[in-house]
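A.B. asks: Handing you a structure now.
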Amino acid sequence: MRKSWTWVKWAVLASSVWLTGCGTISTLGKLESGAGAEASRMWDRWVDGNGDIAVATTWERKVKSGVTANDIEQVLKQVASERNMKDVGTLPLSKELEARTGQKQKLLTVYSFCTPTTARRMVDFSPHMAAYLPCRISVVEKDDGLWLYTLNMDMMVKMGRKLPSPLKEEAQAVRDTIWEMMERGSKGEF
């Protein structure tokens, strides 16, 4: 099944290039090296997710059994501190819903982090990047336990127009910090 989808992906790409002509070819020359491979991975996740764009554009980690929501919060904040990323807020959605309804809710908490200088430079590079600010990691309770979700930061670093230096290195550092938060948070690694 995977081979047939690979063929379909290339057919769609070839058709797009043929239909849009020089504009597509011109744009391809402005992209980061590896943009096509990252787009292909996202396509595969989109297909595997039955067309759910959120599956294609996010990272997820199953939290190790025994790791509590409090453990996760402490690890996320610890990694942020270690990597000079600012903790800019917590949105305890499940607690808010409990307060509104009086009924116990499955855990849903959104943690927000930012590196202000890098954020400003990214928005100067592309004002649309403001829609991705700040970086967020959500803790979601499902029937099989806790999960972590965040935006696929490789889209920012690998798929778009070439980032100028030092912005590229700064964006990579933010990406690496979020990756580390996901990895360590899911394992409760202080």
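A.B. asks: Sequence neighbours fewer than 8 away in the same chain don't count; with that in mind, list the lysines whose C-alpha is under 29 Å from K106.
C.D. replies: K62, K64, K77, K86, K95, K142, K187
A.B. asks: Follow-up question, since we're still on this one. Of the options L146, V157, W179, report the single residue whose Cα projects farthest towards the positive end of the charge dipole of the range 127-190 (beta-carbon charges: Lys, Arg +1; Asp, Glu -1).
C.D. replies: My answer, from the dipole projection, is V157.
A.B. asks: Taking the Cβ of P164 as the centre, find all other residues whose Cβ is under 13 Å away and add up their charges (Lys, Arg: +1; Asp, Glu: -1).
C.D. replies: Taking every Cβ under 13 Å from that of P164, the sum is +1.
A.B. asks: Another one. What are the semi-axes of the equivalent ellipsoid of the range 44-116, taken as the square roots of 5 times the eigenvalues of the Cα gyration tensor, listed largest first and rounded to whole Å?
C.D. replies: In descending order, the three semi-axes are 23, 21, 14 Å.
A.B. asks: List residues of the range 52-68, by number, whose backbone nitrogen lies under 17 Å from a label position 7 Å along Cα→C-beta of D144.
C.D. replies: Taking a point 7 Å out along Cα→Cβ of D144, the residues of the range 52-68 whose backbone N falls under 17 Å are 55-56, 59-67.
A.B. asks: What number does the range 80-190 give for Rg over Rh if you use C-alpha atoms and the Kirkwood radius?
C.D. replies: 1.03
A.B. asks: So, with a 1.4 angstrom probe, what is the percent of accessible area on the chain that is carbon and sulfur?
C.D. replies: Numbers: 6660 of 11230 Å².
Of the solvent-accessible surface of the chain, carbon and sulfur hold 59 percent.
A.B. asks: Hey, got the dipole for the chain? About the Cα centre, +1 on K and R Cβ, -1 on D and E Cβ, debye to the nearest 20?
C.D. replies: Dipole size: approximately 340 debye.
A.B. asks: Over the Cα atoms of the chain, how large are the radius of gyration and the largest Cα-Cα distance (Dmax), in Å?
C.D. replies: Considering the chain through its Cα atoms, Rg and Dmax are 18.9, 59 Å.
A.B. asks: Tell me, what ³J(HN,Hα) does each residue in the range 75-90 have, in order and in whole Hz, if you take phi through Karplus 6.51 cos²θ - 1.76 cosθ + 1.60 with θ = phi - 60° and put x for Gly and Pro?
C.D. replies: Calculated HN-Hα couplings, in order: 5, 4, 5, 5, 4, 4, 5, 4, 9, 6, 10, 7, 7, 10, x, 10 Hz.
A.B. asks: For Cα pairs less than 8 Å apart in space and 6+ apart in sequence, what is the mean separation divided by the residue count of the range 96-144, i.e. the relative contact order in percent?
C.D. replies: The value is 46 percent.
The values are calculated or read from the model by the stated rules, or taken from the named source; none is laboratory data. Since the model is a prediction, treat every value here as computed from it, not as a measurement. Neighbour counts run over all protein chains shown; Cβ positions are idealised from the backbone, glycine included. To get the accessible areas, we keep the full protein, side chains included, count just its heavy atoms, and leave off ligands, DNA and RNA. Shrake-Rupley method; radii C 1.70, N 1.55, O 1.52, S 1.80 Å.
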